[in-house]
1. If you check T3 against the conditions, is it open to solvent by less than 70 Å² (accessible area, probe 1.4 Å), at pLDDT below 80 and of a type in the set (V, I, T)?
2. If you check A31, A15, A45, A40, which single one turns out to be under 14 Å from the mean Cα position of the chain (by Cα) and over 24 Å from E86 (Cβ atoms)?
3. For segment 14-24, does any single residue satisfy the condition of being in a loop (DSSP other than H, G, I, E, B) and at negative phi?
4. Are any residues in segment 47-67 open to solvent by less than 100 Å² (accessible area, probe 1.4 Å), without any contact (Cβ under 8 Å) to a residue 40 or more places away in the chain and closer than 19 Å to I27 by Cβ, and if so, which ones?
5. Touching a residue at least 40 places away in the same chain (Cβ under 8 Å) and of a type outside the set (G, A, S): is that true of F13 in this structure?
6. Looking at Y56, Y4 in this structure, which one is at positive phi and part of a loop (DSSP other than H, G, I, E, B)?
7. Could you run through segment 68-89 and say how many residues are part of a loop (DSSP other than H, G, I, E, B), polar (S, T, N, Q) and open to solvent by less than 100 Å² (accessible area, probe 1.4 Å)?
8. Which one of the conditions (1) without any contact (Cβ under 8 Å) to a residue 60 or more places away in the chain; (2) open to solvent by less than 90 Å² (accessible area, probe 1.4 Å) does E22 fail to meet, given that it meets all the rest?
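The values are calculated or read from the model by the stated rules, or taken from the named source; none is laboratory data. Bear in mind that the values here come from a model prediction, so they are computed numbers and not experimental data. Here the Cβ is made from the backbone with ideal geometry for all residues, glycine too, and neighbour counts use every protein chain on show. To get the accessible areas, we keep the full protein, side chains included, count just its heavy atoms, and leave off ligands, DNA and RNA. Shrake-Rupley method; radii C 1.70, N 1.55, O 1.52, S 1.80 Å.
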Amino acid sequence: MGTYSLAVRQPDFPALRELIDEVGPIISTSANLAGGKPAASVAEAKNYFKQKLDFYVDTGPHAGSPSTIVKSSLNGLEILRQGAVEINT
């Protein structure tokens with residue numbers, strides 16, 4: 001079951017940032033299933049999601065940290081996953 005929320009991401013990939021500048025925000029899934037290991041390649045992502053996504057962007061293998069996920073609500077910020085951007089509360 002989903003969380004009925006959206007994540008906003010700013011990718012560290014120039015070509016994808018240029019695409020976002022042209023078309024606006026892109027709504028997409030994470031590179032993993034909830035609680036699972038993030039996909040390190042397009043092949044792994046396709047294995048996770050099969051034909052459920054409209055397209056994949058192949059930027060080559062990814063060995064970096066996953067995204068930091070922060071939930072913002074009226075109650076403040078909650079770190080859901082500590083990732084590439086370290087946030088101390």
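1. So T3 fails the test.
2. Just one listed residue meets the conditions, A45.
3. Within segment 14-24, none of the residues are in a loop (DSSP other than H, G, I, E, B) and at negative phi.
4. Within segment 47-67, Y48, F49, L53, Y56, P66 qualify.
5. yes
6. The conditions single out Y4.
7. The qualifying residues number 2.
8. Of everything listed in (1) without any contact (Cβ under 8 Å) to a residue 60 or more places away in the chain; (2) open to solvent by less than 90 Å² (accessible area, probe 1.4 Å), E22 misses just condition (2).
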